[in-house]
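The values are calculated or read from the model by the stated rules, or taken from the named source; none is laboratory data. Keep in mind the model is a prediction, meaning the values are calculated, not measured. Cβ coordinates were reconstructed from backbone atoms using ideal geometry, including for glycine residues, and neighbour counts include every protein chain displayed. Just the protein is used for accessible areas: all its heavy atoms, side chains included, with ligands, DNA and RNA removed. Shrake-Rupley method; radii C 1.70, N 1.55, O 1.52, S 1.80 Å.
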Amino acid sequence: MNPSPLTASTIHLNDLMPLFGRMAQLKVGVIGDFAIDFYFDHATQTDEHSLETGLDVHWGHQPKASLGAAGNVVQNLLALGVGQIWAIGCVGPDLFGREMHHLFGQQGVHTDYLLTATDGWDTCVYTKPMQGQTEANRIDFGNRNTLSDSLFARLFDGLNQLLPQLDILIINQQFRRPLLTPNRIDPLNELIRNHPSVGYIADLRDSGSLMRGVTLKVNTAELARFLGITPPETPSLDWCIEHGTTLARQINGPVVVTRGEAGMLYVGSDAVWSVDGLALPGPLDTVGAGDTVVATLAATLSAGIDPGRSLAVANLAAAVTVQKLGQTGTATPHEIQQLLTTYSIPL
């Protein structure tokens, strides 16, 4: 079926309060690549040398750990006021795994299905040495991870038990050696087919085209890569609609295309909605904006509004986060309402 003509997406301020109220009742699961963002101030010029090695000694200062990757999706759900959240994935038997459990515990996130892998798995970490306001060479942990078949089976058994309790499941893949390797997408698709009453939204950097029966969030580069085509330098709205429709047919589910400052697009089986980007004052920081979009779409769709208005709220939430510099931002209901009031978006 060809989608109906394009419809602009709008949201009214009066819609938001009851919408955010319903979010407090939601039960949301997040499965995928949970990570720690580990920041510290890094001084390389210290005039100190190691007696043992003869090398210069660098100093670290003010170490900070926060939730990253799929953990940032969780942080966005928390900021929106979602009632209950489950983290479904793996950590390693290391200090960063313990820190992740601690951070989730502080915020009331359920970790019954956040398993500790005792062999072949490091907790995923983005280590970010900061030199003033500049991020130096990042050190990542988790890029050699391998998950045993037995632990994967345990994880999926747990997910199978959890799914009937959920309103929606968010599926995340960010690392090069992810929890959800391509050969494990088929079992996940089967699980999705067996639980049709649950909503599903996916954001997978490499394996998105293998998903079936989900709402898939992609940017224009991912859209082209999943279809094996070369994107134009500046993908037009018509290009995004055409190829978003092709991908939606392939995965048998809606596709959300994020277009940077040009806005976003929702391609369903019988309708297409679009929303323009907001003309925001710079500078802007887009790190984590995709996580904000996924979390907001999951929460708003589960709270019962149509995809067009859901897209409009997600667009506002992303506009909030990109204005938060030097951090992986989130958007609260108050911030979203303030932005909607400021821009006086028409009905």
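Quick test for you: out of 82, 30, pick the one residue that is part of a loop (DSSP other than H, G, I, E, B), under 26 Å from the mean Cα position of the chain (by Cα) and under 18 Å from residue 167 (Cα atoms).
On the way: 30 fails: part of a loop (DSSP other than H, G, I, E, B).
Exactly one of 82, 30 is part of a loop (DSSP other than H, G, I, E, B), under 26 Å from the mean Cα position of the chain (by Cα) and under 18 Å from residue 167 (Cα atoms), namely 82.
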Completion exercise
Those residues of segment 140-172 which are β-branched (Val, Ile, Thr) and open to solvent by less than 60 Å² (accessible area, probe 1.4 Å) amount to 168, 170, 171
Completion exercise
The condition of being open to solvent by less than 40 Å² (accessible area, probe 1.4 Å), under 26 Å from the mean Cα position of the chain (by Cα) and at pLDDT 95 or above holds, among 68, 97, 120, 108, only for 97
Problem - Residue match in segment 41-52 (condition: crowded, with 18+ Cβ neighbours inside 10 Å and modelled with pLDDT of 90 or more) - result: yes
Practice task
Only residues that are open to solvent by 30 Å² or more (accessible area, probe 1.4 Å), modelled with pLDDT of 80 or more and in a loop (DSSP other than H, G, I, E, B): list them for segment 331-346, please.
Solution key: 332
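Would you confirm whether any residue within segment 84-93 is surrounded by fewer than 17 Cβ atoms within 10 Å (Cβ to Cβ) and touching a Leu at 6+ places or on another chain (Cβ under 9 Å)?
Within segment 84-93, not a single residue is surrounded by fewer than 17 Cβ atoms within 10 Å (Cβ to Cβ) and touching a Leu at 6+ places or on another chain (Cβ under 9 Å).
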Fill in the blank from the handout: Selection from segment 295-329 of residues assigned to a loop (DSSP other than H, G, I, E, B), open to solvent by 10 Å² or more (accessible area, probe 1.4 Å) and either touching a His at 6+ places or on another chain (Cβ under 8 Å) or not hydrophobic (A, V, I, L, M, F, W, C) (or both) yields 304, 306, 323, 324, 326, 327, 328
Handout entry: segment 1-27 - residue that is assigned to a helix (DSSP H, G or I) and open to solvent by less than 60 Å² (accessible area, probe 1.4 Å) and, of those, nearest to residue 336 (Cα to Cα)
Key = 16
Practice task
State whether one or more residues within segment 39-51 are over 30 Å from residue 273 (Cα atoms), part of a loop (DSSP other than H, G, I, E, B) and touching a residue at least 12 places away in the same chain (Cβ under 8 Å).
Solution key: yes
Fill in the blank from the handout: For segment 247-294 the number of residues that are part of a strand (DSSP E or B) and surrounded by fewer than 18 Cβ atoms within 10 Å (Cβ to Cβ) is 1
Fill in the blank from the handout: Log entry, pairs with first residue in segment 88-111 being touching a residue at least 12 places away in the same chain (Cβ under 8 Å), second being exposed (fewer than 13 other Cβ atoms within 10 Å of the Cβ), beta carbons closer than 8 Å, six or more apart or on different chains, reads 93/118; 111/105
Exercise for the section: Tell me, yes or no, whether segment 245-258 has at least one residue that is without any contact (Cβ under 8 Å) to a residue 60 or more places away in the chain, closer than 30 Å to residue 141 by Cβ and not β-branched (Val, Ile, Thr). Expected result: no
Practice task
Could you pull out the residue among 72, 76 that is out of contact with any Gly (no Cβ under 7 Å at 6 or more places or on another chain) and outside any loop (DSSP other than H, G, I, E, B)?
Solution key: 76
Practice task
Would you confirm whether any residue within segment 172-189 is assigned to a strand (DSSP E or B) and in contact with a Gly (Cβ under 6 Å, 6 or more places away or on another chain)?
Solution key: yes
